[in-house]
Amino acid sequence: MRLSAISDEIRDDLAEALHVLKAEGFRYVDISGIRGKTVDVFTQEEIEGVKRTVAENGFQVSNIAAFGFMFAKLYEDYELGDIGRWGTNFVGSPKEQLHHLYFLCSAARQLGAESIRLFPFRYPENRTVVGTKEDRDKIVQYMKQAAAIAKAEGVRLLLENCPYTHCPKGLMTKDIVKRVDSQWLKMLWDPANSYRADKHRVPAEFLQSQTTLEDELRECLPYIGHIHVKNYRFNPQREGKQFQHVALGEGDIDFESLAAILKEEAYDGPVSIEPEVETAEEILDSLRYFREVFRSN
C-alpha cells in the first residue's frame, strides 16, 4: 500500500502540510485545495507553484482530489442548497463538468498524479431518497463519457461514495463503476462515508442487508483504485450532527480489521488519510495511528 494524505486536511498551507507529513515519514500527498481554493479552479501559476513545492519537499502527488460533478445538477429541477462550505470551486452543468475534465487531466499530468477524484452528483434539497436505479442509470451515462475523456487523456478517474451525493454507500458507487466497465474509472472507497450514510436518503435495496464494512470492502475490492480514511463516533444524544469526527484510532470504525483485509488481499494501491479533526494534536495522533495500522509488513 502507498500511504498518502490530503494536504489541506493537515494544514491549509501546502509547504506546512508537507513539512508535517515528511516528519511523520510520508512521501505521497493528495492535492485538493489550498487556503479555501480547490484544485478545480487553480490557475496555471498555482499549478506550477504546487509542482515546485511538492518537488522541493521530495513528495509525489498520488491523486488530484477534485470535486468533479459535485456541484452539477443531475436533474434540472434540483435545488442544491449551500455549496460554500467547500470553498471556491467549479460550478457548472454536467456538460460543463465533462469539458472541465480536460483541465483537471492537464493539471494531473503536470503534477504527476495518476488519478482524479469525481463525485456522483450532489443530492438536492428538494428530494429525499436519491441514488435510485433511475438516478444511477443517468450517472452511468455521464461516467461513460467521463471515462472516454480519461482514456484519451491518459489519467484515471475515481468515483467517491459520499453522504452529500447520490451514492453515500460504497456498494452504490460499485454498481456504477461495474456498469461503466472501464479501466479508466475506479472506485474511491471511503468506509467512513459508507458508515455515516443518511438512511433516510438511501434506497431500500441498499438497506435490506446488514452489510458490514468488512463485507463491503471484500465485495468492492476488485473495483477500488483508491481509499480514503477518517473516523466517526456516533452519538444519538448529541445535538445537531450525531456523527462526530474524531481522531482515527478513537472512532467506531475498526480500521485494523479493514487494513488486515487489504494486506491479506495484497492491495497495493493508494490509501489516503483525511483526518477532518480540529486540533494539531488530533491530526498527529491520526497520522501516527494510520501509518502504524496501514503500513505494509
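General remarks:
- Whole-angstrom gap from the range 276-297 to the range 132-158, using each part's C-alpha centre: 33 Å
- Residue-averaged 222 nm ellipticity for the chain, from DSSP H runs of 4+ at -39500 (n - 2.57), nearest 500: -11500 deg cm²/dmol
- In this simple spin-label approximation, Asn235 and Asp198 carry label points 7 Å from Cα along the Cα→Cβ vector, and these lie 2.1 nm apart.
- Each of Ala66, Phe26, Ala108 was scored by the projection of its Cα onto the charge dipole of the range 5-152, and the greatest displacement toward the positive side belongs to Ala108; charges sit on the C-beta of Lys, Arg, Asp and Glu.
- When Rg and the Kirkwood Rh are both derived from Cα coordinates, the Rg/Rh ratio for the range 80-208 amounts to 0.96.
- Sequence-ordered 3J(HN,Hα) estimates for the range 164-179 from the Karplus curve with 6.51, -1.76 and 1.60 and θ = phi - 60° stand at 9, 10, 6, 10, x, 9, x, 5, 6, 6, 4, 4, 5, 4, 4, 6 Hz, glycine and proline given as x.
- If both residues of a DSSP beta bridge must be in the range 4-130, then about 20% of such bridges are antiparallel.
- Plainly put, the chain has a radius of gyration that is 0.93 times its Kirkwood radius, both from alpha-carbon atoms, as the Rg/Rh ratio.
- Distances between placed amide hydrogens fall under 5 Å for Tyr123 paired with Thr165, His166, all partners being 5 or more residues away or on another chain.
- Counted over the chain, the DSSP beta bridges are approximately 20% antiparallel.
- P(r) weight above 20 Å for the range 213-297, C-alpha pairs, percent: 37 percent
- Added length on full extension, which subtracts the Cα-Cα distance from 0.36 nm per residue, Asp268 to Ala152: 39.3 nm
- Pairs of Cα atoms nearer than 8 Å and 6+ residues apart set the relative contact order; for the chain it is 17 percent.
- Potential extension, Glu205-Gln110 segment - 0.36 nm per residue separation minus Cα distance: 30.0 nm
- Taking amide H as placed 1.01 Å from N in the peptide plane, His228 has its amide H under 5 Å from the amide H of Trp189, Asp190, Ser272, each at least 5 places away in sequence or on another chain.
Each reported figure results from applying straightforward, stated rules to the coordinates on display, with no laboratory input. Just so you know, these numbers come straight off a predicted model, no measurement behind them. Every residue, glycine as well, gets a Cβ built from its backbone with ideal geometry; the counts of neighbours run over all protein chains shown.
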